[in-house]
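A.B. asks: Submitted below is the structure of interest, expressed as structure tokens.
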Amino acid sequence: MIFGRALLLAAPFLLAACSATDPRCAALPDAGTYCLQATAGVAPFAARQKVEAIFGERRETLIVLIEVDSENMRFAGMTPFGQTLIEADYDNRVPRAEKMPEDGFDPAALFSLLQIALWPLDAVRAGFIAAPVEVTDVHGVRRVFAGSEEVFRVRRVGDVPPFDEIEIHYPSLRAVLRIKTLDDQKTEDRGQKTEL
């Protein structure tokens, strides 16, 4: 499980986060508490993505499958050789992890960071509670500020989720995620759903 532990260190969305009393909420380092918004907030999509996770000097690669519709978000993360490390879903009530690294994985934190990167600006702003957090979105770059300090930045290329490319910077964790969508289809165009 060395790869899983390295991935846990390398990817900020896999770090343990303290949940509030609501299971849909997660405390994100330096960014306050974020509560998950409805999955209907974006048009349905399914995508396979390559994720390069950089944490300090360490680099790991992950293949991710993500599927979103009006009732659910599903996420699976695998090694490039196909070993499943993470399986999680969110049914608009409770985020759950069916398979996860041994230590410290919080599915609410995973889905929170996905939503901060992918959901519309108004929905993301509504998700932050209990802390003075400002979220801006200018020319494909979304920034989250706590006071005057930038604590989280997302650069997106493409018009709609899942976007062609996403780069996430989490400075306090010395973490960067570079995400490239390998393929995607709108749910209504598919005869059947991707099996995660």
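A.B. asks: Filter segment 50-62 for residues that are touching a residue at least 60 places away in the same chain (Cβ under 8 Å) and surrounded by fewer than 20 Cβ atoms within 10 Å (Cβ to Cβ) and give the result. Outline the logic, then answer.
C.D. replies: Step one: of segment 50-62, the residues touching a residue at least 60 places away in the same chain (Cβ under 8 Å) are 50-56.
Lys50, Glu52, Ile54, Gly56, listed by residue number.
A.B. asks: Quickly run through segment 146-162 and pick out the residues that are modelled with pLDDT under 95 and among the hydrophobic types (A, V, I, L, M, F, W, C).
C.D. replies: Within segment 146-162, Ala146, Val151, Phe152, Val160 qualify.
A.B. asks: Kindly provide the set of residues from segment 28-49 that are among the small types (Gly, Ala, Ser) and either modelled with pLDDT of 90 or more or crowded, with 20+ Cβ neighbours inside 10 Å (or both), ordered by number. Even if it seems obvious, please write down each step before you answer.
C.D. replies: Applying the first criterion (among the small types (Gly, Ala, Ser)) to segment 28-49 yields 31-32, 38, 40-41, 43, 46-47.
Residues satisfying the conditions are Ala31, Ala38, Ala40, Gly41, Ala43, Ala46, Ala47.
A.B. asks: Filter segment 118-134 down to residues that are at pLDDT below 95 and β-branched (Val, Ile, Thr) and give me whichever is nearest to Arg24 (Cα to Cα).
C.D. replies: Ile129
The values are calculated or read from the model by the stated rules, or taken from the named source; none is laboratory data. Note that the coordinates shown come from a computational prediction; the quantities given were computed from them, not determined experimentally. Cβ sites come from the backbone with ideal geometry, for glycine too, and all protein chains shown count toward neighbours.
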